[in-house]
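What follows is a short report on a single structure.
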Amino acid sequence: MSTVTEEIVTLKVVRCTGTPAERGRQQGEELRSLIELGVGNWLEEIGARHGIDPDAYIAEFLSKTAYRASIERWSPELLFEVHGIAAGSGQSVERMLVYSMLDEEWRYSKTRSAAEAPGCTAVGVRAENGRPTLIGQTMDIPSLHDGTQVVVIHEEEGAPTQAVFTAAGMICLMGVNSAGVGVVVNNLGMLPSARTGMPVTFIERKLLDTFSAEEAGYGLQAMEHAIGQHYLIGDPSHLVSFEADAARVIGGAEDRRVISHTNHPLYDAPTKPELETIYAASNTRARFDCMTMLAEAASTLGDIETALTDTSAPISRSVLNGHMTFGAMAAELSSPPVVRFAPGPPHERSFVEVVVPAGGEVQIREKAPQASA
């Protein structure tokens, strides 16, 4: 005999409404303790890595890059949100701004070796037979952020409601919106970078402020990019894939039913033998092959979830050498979407469904495991 066991939902969901500054302040106030935890760990790591005062390093980073100017140009509303987060959490604006520049700070520091960057695995399945597009990802980042996983719901008049999975205080890591647009990413650190252009997390939020994958794709190609990154963008009936860097944006995989992507370029990829050492260290080719195989016959949201829990490649990774799978997302891009987030490695921590109606109340539901009596 089997019974259903209720579990306490461990993923914090924060609902924010109003202007960007107001929504930022709401995040800062509601998530103050988690932001203090995550930012504190991050500052400690910066001090240990560079042997200097963390705030001095942050000031140097901002003075030697033009990312803030790019944000002011392309997404000033997100800069207002960062100011709000800082005010609500009691942190400095400079700290919170750079905290959201995860990939850019890694690149700037020149300490992000291949062995320290296991990377992310993304997958999308095109709409077919009346079923909308499916999309998913594991997000691998330093384990110092563990314990700060949150979903922030952004509601603003005239814009789609956004459900953003992130570390408390960061602008975004991945997400969906009420129009059924979903965005997931993979770092491509071997591609050209610059000290100007838009940081990745800010680009993601701009893409989630659109009503279709086509609109998001146009926006992505119009912006200047700071570093190499893959963007997989879907809506109920479309799925598009772009590799962007400081020099160009290239689309690909238009003819594929399933699009898998990890941390090596696939479209007009550079042919440099030395890159294979980096690829081997991050296990990117093995993860790509594994996800491609696992998703080949995928047709349900459950199939995407199952693929994301793989531990053979591994796609889902426990804490190791200071990195981990910080979280995972699986979404059916209907309008509104059906989206589930795992607050950590999905083979260890349950997916939580976040229901985001197009103008209604936000709900959370944790999948209840089956327990034998």
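By how many nm would the segment from residue 293 to residue 29 grow when fully extended, if each residue of separation counts as 0.36 nm and the alpha-carbon distance is taken off? Spell out each step's value before the answer.
On the way: separation 264, 0.36 × 264 = 95.04 nm, distance 4.38 nm.
Result: 90.7 nm gained on full extension.
Could you work out how much longer the chain between residue 248 and residue 49 gets when fully extended? Use 0.36 nm per residue separation minus the Cα distance between them, nm to one decimal.
On the way: separation 199, 0.36 × 199 = 71.64 nm, distance 3.19 nm.
Here the answer is 68.5 nm.
Taking the chain as a Gaussian network of alpha-carbon nodes connected by springs under 10 Å, the highest mean-square fluctuation of the residues 292, 161, 133 belongs to 292.
So, R0 is 45 Å and r is the distance between the beta-carbons of residue 280 and residue 157; what FRET efficiency does that work out to, to 0.05? Taking R0 as 45 Å, the efficiency between residue 280 and residue 157 is 0.35.
Modelled spin-label separation between residue 80 and residue 214, with each label point placed 7 Å from Cα along the Cα-to-Cβ direction: 3.0 nm. Here the relative contact order of the chain, from alpha carbon pairs under 8 Å that lie six or more residues apart, stands at 21 percent. Under 5 Å between amide hydrogens, built in the peptide plane, is the criterion, and for residue 174 it picks out 165 among residues at least 5 positions away or on other chains.
Could you tell me whether the range 85-188 comes out rounded, prolate or oblate from its Cα gyration tensor? Rule is a ≥ b ≥ c as square roots of the eigenvalues, rounded for a/c under 1.5, then prolate if a/b exceeds b/c, otherwise oblate. Here the range 85-188 falls in the oblate category.
By the gyration tensor of its Cα atoms, with a ≥ b ≥ c the square roots of the eigenvalues, what is the shape of the range 1-105: rounded for a/c under 1.5, prolate for a/b over b/c, or oblate?
Here the range 1-105 falls in the oblate category.
Sequentially through the range 291-308, phi angles give Karplus couplings (6.51, -1.76, 1.60; θ = phi - 60°) of 5, 4, 5, 5, 8, 3, 10, 5, 9, 9, 4, x, 5, 5, 4, 4, 4, 6 Hz, Gly and Pro residues having no value and appearing as x. Report note on the peptides 301-307, 139-145, 275-281: ranked by the mean count of other C-beta atoms within 10 Å, highest first, their order is 139-145, 301-307, 275-281. For residue 262, the shell of other residues with beta-carbons less than 13 Å away shows a net charge of -1, using +1 for Lys and Arg and -1 for Asp and Glu. Comparing 311, 166, 271 in a Gaussian network model of the chain where C-alpha atoms under 10 Å apart are linked, the largest mean-square fluctuation is found at 271. Using 1/(1 + (r/R0)^6) with R0 = 35 angstrom and r between the beta carbons of residue 272 and residue 222, what's the FRET efficiency to the nearest 0.05? For R0 = 35 Å, the calculated efficiency reads 0.75. For the residues 193, 334, 63, a GNM of the chain with alpha-carbon springs under 10 Å puts the largest fluctuation on 63. Computed on the range 1-108, with alpha-carbon pairs under 8 angstrom and 6+ residues apart, the relative contact order is 38 percent. Close amide H pairs (under 5 Å, H built 1.01 Å from N) link residue 324 with 141, 143, residues at least 5 positions away or on another chain. If you sort the three axes of the alpha carbon gyration tensor as a ≥ b ≥ c, you get a/c of 1.5 or more for the range 50-142 and a/b no higher than b/c, which makes it oblate. Given the C-alpha centroids of the range 207-242 and the range 334-348, what is the distance between them in whole angstrom? That distance is 20 Å. Calculated from the structure at hand, mean projected area of the Cα convex hull in nm² is found among (1) 45.9; (2) 52.0; (3) 18.0 as (3). Dipole magnitude of the chain about its Cα centre, charges +1 at Lys/Arg Cβ and -1 at Asp/Glu Cβ only, in debye to the nearest 20? It works out to roughly 380 debye. The DSSP beta bridges internal to the chain are antiparallel in roughly 90% of cases.
Counted by Cβ distance under 9 Å from residue 238, the other residues give a net charge of -1, where Lys and Arg count +1 and Asp and Glu count -1. Backbone phi angles across the range 256-263, fed through the Karplus curve with coefficients 6.51, -1.76 and 1.60 (θ = phi - 60°), yield HN-Hα couplings of 9, 5, 10, 10, 10, 7, 10, 10 Hz in residue order; Gly and Pro are listed as x.
The residues neighbouring residue 218, those whose beta-carbon lies less than 14 Å from its own, together hold a net charge of -3 under the Lys/Arg +1, Asp/Glu -1 convention.
Readers should treat all values here as calculations from the given coordinates under stated rules, not as data from a laboratory. Small disclaimer: the values here were computed from a predicted structure and weren't measured. Every residue, glycine as well, gets a Cβ built from its backbone with ideal geometry; the counts of neighbours run over all protein chains shown.
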